[in-house]
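Report on the following structure.
The values are calculated or read from the model by the stated rules, or taken from the named source; none is laboratory data. Bear in mind that the values here come from a model prediction, so they are computed numbers and not experimental data. Please note: Cβ atoms are built from the backbone with ideal geometry, for glycine as well, and neighbour counts cover all protein chains shown. For accessibility, only protein heavy atoms count, side chains too; no ligands or nucleic acids. Shrake-Rupley method; radii C 1.70, N 1.55, O 1.52, S 1.80 Å.
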Amino acid sequence: MKTRSETSAGGVVYRIGADDAFEVAIIRTHEGRWQLPKGWIEDGEAPETTAVREVREETGVEATVVGPLGAIDYTYVSRYDAEPARVRKRVHVFLLAYQSGSTDDHDHEVLEARFVPVGEALRMLAFRDEQRMVERARGALDAAASERADA
């Protein structure tokens with residue numbers, strides 16, 4: 001079986017929701033899974049630029065990069081190639097701050113996009129690695145909120 005590599009980028013988009021609690025944007029794919037928005041890095045594109053673009057396309061919202069959360073590495077077998085291939089994938093994940101827009105404006109690649117409280121996102125996300133990224137985001141956001149409160 002052939003092996004190839006793919007690199008994607010995406011992110012955890014947050015906003016302040018009800019009761020000043022953090023909410024994050026998640027998407028439901030055509031496979032029915034809830035996950036973080038992400039997609040392939042185009043030629044010459046920086047991972048941060050890809051994250052912003054993919055968030056806009058898949059969630060319908062504009063966001064700005066706050067910083068990196070890390071990378072997710074996994075391997076899967078592609079069924080879309082002429083002959084099956086083992087794919088080693090790396091996804092660069094960023095924390096992004098919501099700026100504007102509506103999740104109703106997501107593209108055709110997803111069935112649904114929505115903002116949900118962090119705890120709900122952790123229960124809904126299909127992949128443990130993505131749950132870990134949301135946990136990292138929550139830690140960074142809680143730390144930043146605590147620093148502002150102490151200032």
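The table below gives the values:
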quantity: Flag if GLU31 is out of contact with any strand residue (DSSP E or B) (no Cβ under 7 Å at 6 or more places or on another chain), under 18 Å from PHE94 (Cβ atoms) and open to solvent by 80 Å² or more (accessible area, probe 1.4 Å); calculated: no
quantity: Strands (runs of 3 or more DSSP E) completely within segment 54-151 that count 3 or more residues being without any contact (Cβ under 8 Å) to a residue 24 or more places away in the chain and open to solvent by 40 Å² or more (accessible area, probe 1.4 Å); calculated: 61-78
quantity: Criterion violated by GLY44 - all others in (1) of a type in the set (Gly, Ala, Ser); (2) surrounded by 13 or more Cβ atoms within 10 Å (Cβ to Cβ); (3) in a loop (DSSP other than H, G, I, E, B) satisfied; calculated: (2)
quantity: Some residue of segment 18-25 being at pLDDT 95 or above and closer than 25 Å to ASP81 by Cα; calculated: no
quantity: THR50 polar (S, T, N, Q), surrounded by fewer than 19 Cβ atoms within 10 Å (Cβ to Cβ) and either over 17 Å from GLY17 (Cβ atoms) or modelled with pLDDT of 95 or more (or both); calculated: no
